[in-house]
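Reviewing the structure listed below.
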């Protein structure tokens, strides 16, 4: 694109390349901050959305790739690359003051690769315990279990509260330690085992009476190291792990990973497979939103609503079970298509489900949306502005509730979405109620998509033929799909082998939890739980 | 009409023929104690079973149906289990206060339960200040809850107890004011007198609009006093794990559990006694034949039927509404229920002076 | 559809019907006669205990969703009286390990187990909790919860269906029925190295920081 070309030409130190809508910009690490702030703050086209930060171990040197996108032209991506050859004490300038989401991403890279970011105000490890030995995603990581035995004691509070910082003070680098909380603050732990944290999230909350002063999320209680494991697995094996990332939109994650591999193989996927995948994705989305709706209602104390949501979700599980064989883990998409053809009953049952669900949606509105207590609690609480949503990278329904149009199905229609006519549900207020109602509206849109596709599934093969051993050609492949909670990205770096050199999944939920830090301040304890429900994050998706 | 008076008076006469007055009284006290405690426990088990079945009904489920026919022995099994659970000694708590709290809650609940007139003569004590006594004793439970929260040495219980304190003290006001309107109407605080007065028209009909308003306010405020959803902030499951009784295990937790259900019944029973005629059958002045038929139904049944309708209302609300937030809760009381109650008292005064 | 003649090596078809070995074993043990009063009391107690197993709401990942399904309308574990899920470990009888347990979570799980009141039971739900499952080759996964806490019933699957879970819970009920309550060991921890986890740190149930009572 012309504007982007012009912009990039103003970065003299950068080497650039272009491959279908993705610009690759490599800069030396000294110029990284300059380049990033130019891309963010120029007056022509501001790259205001930081999609993801990928840490890399190239062997000799450690690198970081920043994926940037502009909300004005969301289908164009800039991959800003930098590297450092110091493996002992790698340091790179932080960009956490440009994008609010960057701070957390940098902590993740620090945790996995040991790169320290200068001026990032919080350089604790993100997933692993602070006393963990080694940086697991480095290629020379020692996996000897004796180095890191199963701990028998809980993590020390001091470790959790002391934030090591490397910062520039009067032109000179200094190692400091900042304290997260003051000594006299009243701190309550929500989690890791807590009924309303949607998994094993650990929120440390500083309270003043019932008012929340500060929230500090702690991750890693379900960090399984999927990215490291994937580096030893073949591509078809990796697919099984993707289902278990965000298990509520498992088929969508798997679909995204399949698309990324197919992009690399330049494989022609039969149209029938595209249609089936799309329908299954949308069914997953409906199921996920139903569960999200139910859980939010349960967080607010209405258990009956939760049971109603689960009851309707079971209908989708039945359809899955017949066609895919699994209930929660469908394991359905494979590289080149889908695993098996659809069940003869599939179309009939989906067509029965659509009117049923429409009827039940009315009941859901009647039970919960119209309830004066629920309305009063949701309205006017948890405001997230559009700018903040973009800066925090809060994609998916959360971003759309703030008016940010970020639906990947519209930006870059993949699979059979280009054949379907649907609208992207947008709301403008960015309040809890918007985040709540947008999910129910999206269920209706999903039903519309399914309705259009279900009768038009073309004939032919359900999967393309692939080789027995799938080897991806050398290069980098990036694929975006719209998960139930936001944008799910897959980044694959291949060296031409049967397993990836590095694979990275963008977790939509991590940025969602990060929004809690800003929107929960000033609300009450009960609101914190409700906000968590409205953001609808899934913790294993964050921890990977 | 068959009244339990016959039975109780027979026992009294029987004892007095064989024993001296003091001893007879002593045996009567023991008997009453045993009966109240047994009734308390049995009623709690029934209520737990009813709640589980009703909840299942609202949620398109079946509910307990494996333990005994239709699962009726489910709560019995639960009680056996809970009696045998370990009582955990918790590090760094005040053990005396910690134990006292559980007993306070259940004692307050039993004391209130004892003062309810189930039938003519089936009434442990008949004070001339019955309503006052009910209000006074039932609000003792909040002390137990506050102590439980404080003594557990845990932040969740602390928040739960503080919420509970704010909630119960606020709602006690409208609760009391609503009952006061009925006291104004009947001119007595003695429960038996209040019930007898309703033989031809229950207070809710006799008292007209102010009585209906008082009834609705009493149901809301009373429901809030039982700490059950949507007013279950003190033990808000999704926020404070189990609220003020987070650290309690075994039968100490069982006390809280029982008291919760019995308080629900007590609120319903007080509503029945003061507003719905207590054990009085439904009588309509002038319809003698109808009244005759109604009299054949024993008054105890009338009492329990009316109470269980009120209990069902409470369950219905609990399983439909989401939980209130603390500021909504206090706004509801201080900005809505309180002013209405105060106005309602004036309205009742007008009603009593000019209309009746 | 009737299942016909499944043939698995070393296992007869009849074996699939019912595994009554537990009951038979107990019968054999009691053949010489037991004290009738204690035996009857034991029966009553075990009837109560086995029919009232309150689970702790504890789930780390995918299996937790199936646990939620179990509580919802279709599978409805309330039928067996298990629907009183307690959020406080002090009041729960059984802990479901739904999902992967990782190194960072291991002390938390152990502490939760320590916080539960006796008699307590553990069910390993899903292949991650049994052996590490699909994440066996990971650097951060605990290879089965039985490395940290003793397990009573294992339910395989990834994730197991709610039906499997009901079956597992019924096995637990059977196991409880077989126990003699008056002879239960005081600390039934078959694992060595069983010091309770230090209290007062940053975990779900903070017990230290409010200054209550006699401090």
Q: Would you tally the residues in segment A:317-331 being part of a helix (DSSP H, G or I) and closer than 16 Å to residue A:286 by Cβ?
A: 7
Q) What number goes with the only condition from (1) surrounded by fewer than 21 Cβ atoms within 10 Å (Cβ to Cβ); (2) not in a helix (DSSP H, G or I) that residue A:394 does not pass? A) (1)
Q: Select from segment A:368-397 the residues that are free of Cβ contacts under 8 Å to residues at least 60 places away in the same chain, within 14 Å of another protein chain (Cβ to nearest Cβ) and within 27 Å of the chain's Cα centre (by Cα) and list them in ascending order.
A: A:379, A:380
Q: Scan the strands (runs of 3 or more DSSP E) fully inside segment A:10-70 and keep the ones with 1 or more residues being touching a strand residue (DSSP E or B) at 6+ places or on another chain (Cβ under 8 Å) and closer than 20 Å to residue A:108 by Cβ.
A: A:49-57, A:62-69
Q: May I ask you to list the residues in segment B:193-237 that are within 14 Å of chain A (Cβ to nearest Cβ), in a helix (DSSP H, G or I) and touching a residue at least 40 places away in the same chain (Cβ under 8 Å)?
A: B:220, B:223, B:224, B:233, B:234, B:235
Q: Could you please find all residues in segment C:65-77 being in contact with a strand residue (DSSP E or B) (Cβ under 9 Å, 6 or more places away or on another chain) and within 7 Å of chain A (Cβ to nearest Cβ)?
A: C:65, C:66, C:68
Q) Scanning segment C:37-64 for residues that are within 8 Å of another protein chain (Cβ to nearest Cβ) and without any contact (Cβ under 8 Å) to a residue 12 or more places away in the chain, which turns out farthest from residue B:62 (Cα to Cα)? A) C:44
Q. Among A:281, A:268, which is part of a loop (DSSP other than H, G, I, E, B) and more than 23 Å from residue A:126 (Cβ to Cβ)?
A. A:268
Q: Return a yes/no flag: does segment C:149-164 have any residue that is touching a helix residue (DSSP H, G or I) at 6+ places or on another chain (Cβ under 7 Å), at the interface with another protein chain (Cβ under 8 Å from one of its Cβ atoms) and more than 30 Å from residue A:230 (Cα to Cα).
A: no
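So if I check each of C:129, C:92, which one is surrounded by 24 or more Cβ atoms within 10 Å (Cβ to Cβ), within 22 Å of residue C:155 (Cα to Cα) and without any contact (Cβ under 8 Å) to a residue 40 or more places away in the chain?
Values: C:129 fails: without any contact (Cβ under 8 Å) to a residue 40 or more places away in the chain.
On inspection, the qualifying residue turns out to be C:92.
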**Q.** Filter result for the condition that a residue is over 30 Å from residue B:291 (Cβ atoms), crowded, with 22+ Cβ neighbours inside 10 Å and more than 17 Å from the chain's Cα centre (by Cα), over B:194, B:182, B:145, B:159
**A.** B:159
Q: Answer with yes or no whether residue B:257 is assigned to a helix (DSSP H, G or I), out of contact with any helix residue (DSSP H, G or I) (no Cβ under 7 Å at 6 or more places or on another chain), under 30 Å from residue C:54 (Cα atoms) and at pLDDT 85 or above.
A: yes
Q) Given A:409, A:400, A:311, A:327, which one is free of Cβ contacts under 8 Å to residues at least 40 places away in the same chain, under 28 Å from the mean Cα position of the chain (by Cα) and closer than 30 Å to residue A:467 by Cα? A) A:327
Q. So residue C:107 clears everything in (1) facing another protein chain (nearest Cβ under 7 Å); (2) assigned to a loop (DSSP other than H, G, I, E, B) except one condition, right? Which one?
A. (2)
Q.
Taking the criterion of being within 13 Å of another protein chain (Cβ to nearest Cβ), under 23 Å from residue A:400 (Cα atoms), in a loop (DSSP other than H, G, I, E, B) and modelled with pLDDT under 90, would at least one residue in segment A:521-532 satisfy it?
A. yes
Q) If you take the residues in segment A:96-109 that are in contact with a strand residue (DSSP E or B) (Cβ under 6 Å, 6 or more places away or on another chain) and in a helix (DSSP H, G or I), which one is surrounded by the most Cβ atoms within 10 Å (Cβ to Cβ)? A) A:105
**Q.** Criterion violated by residue A:537 - all others in (1) outside any helix (DSSP H, G or I); (2) more than 17 Å from residue A:108 (Cβ to Cβ); (3) within 14 Å of another protein chain (Cβ to nearest Cβ) satisfied
**A.** (2)
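Checking the condition more than 14 Å from chain A (Cβ to nearest Cβ), farther than 22 Å from residue B:232 by Cβ and surrounded by 12 or more Cβ atoms within 10 Å (Cβ to Cβ), which residue from B:356, B:340 passes?
B:340
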Q: Only residues that are surrounded by fewer than 23 Cβ atoms within 10 Å (Cβ to Cβ) and within 27 Å of residue A:539 (Cβ to Cβ): list them for segment A:472-490, please.
A: A:479
**Q.** Members of segment A:220-235 that are in contact with a helix residue (DSSP H, G or I) (Cβ under 9 Å, 6 or more places away or on another chain) and either more than 9 Å from every other protein chain (Cβ to nearest Cβ) or outside any loop (DSSP other than H, G, I, E, B) (or both)
**A.** A:226, A:227, A:228, A:229, A:230, A:235
Q: Go through (1) within 19 Å of residue A:104 (Cβ to Cβ); (2) surrounded by fewer than 23 Cβ atoms within 10 Å (Cβ to Cβ); (3) over 17 Å from the mean Cα position of the chain (by Cα); (4) modelled with pLDDT of 85 or more and name the single condition residue A:181 misses.
A: (4)
Q.
Name the residue that is modelled with the lowest pLDDT, counting only residues in segment C:165-200 that are more than 14 Å from chain A (Cβ to nearest Cβ), in a loop (DSSP other than H, G, I, E, B) and surrounded by fewer than 14 Cβ atoms within 10 Å (Cβ to Cβ).
A. C:190
Q: Please determine, by comparing only the residues of segment B:273-295 that are assigned to a helix (DSSP H, G or I) and in contact (Cβ under 8 Å) with a residue 24 or more places away in the chain, which one is farthest from residue B:122 (Cα to Cα).
A: B:275
Q) Is there a residue being assigned to a loop (DSSP other than H, G, I, E, B), surrounded by fewer than 24 Cβ atoms within 10 Å (Cβ to Cβ), out of contact with any strand residue (DSSP E or B) (no Cβ under 7 Å at 6 or more places or on another chain) and free of Cβ contacts under 8 Å to residues at least 24 places away in the same chain anywhere in segment C:78-87? A) yes
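Matching residues to (1) surrounded by 19 or more Cβ atoms within 10 Å (Cβ to Cβ); (2) facing chain C (nearest Cβ under 7 Å); (3) free of Cβ contacts under 8 Å to residues at least 24 places away in the same chain; (4) closer than 27 Å to residue C:44 by Cα:
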site	(1), (2), (3), (4)
B:59	yes, yes, no, no
B:68	no, no, yes, yes
B:72	no, no, yes, yes
B:85	yes, yes, no, yes
B:98	yes, no, no, no
B:101	yes, no, no, no
Q) Since residue B:23 meets every condition but one in (1) in contact (Cβ under 8 Å) with a residue 24 or more places away in the chain; (2) part of a helix (DSSP H, G or I), which condition does it not meet? A) (1)
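The values are calculated or read from the model by the stated rules, or taken from the named source; none is laboratory data. None of these values were measured; they are calculated from a predicted model. Backbone-built Cβ (ideal geometry, glycine too); neighbour counts: all protein chains shown.
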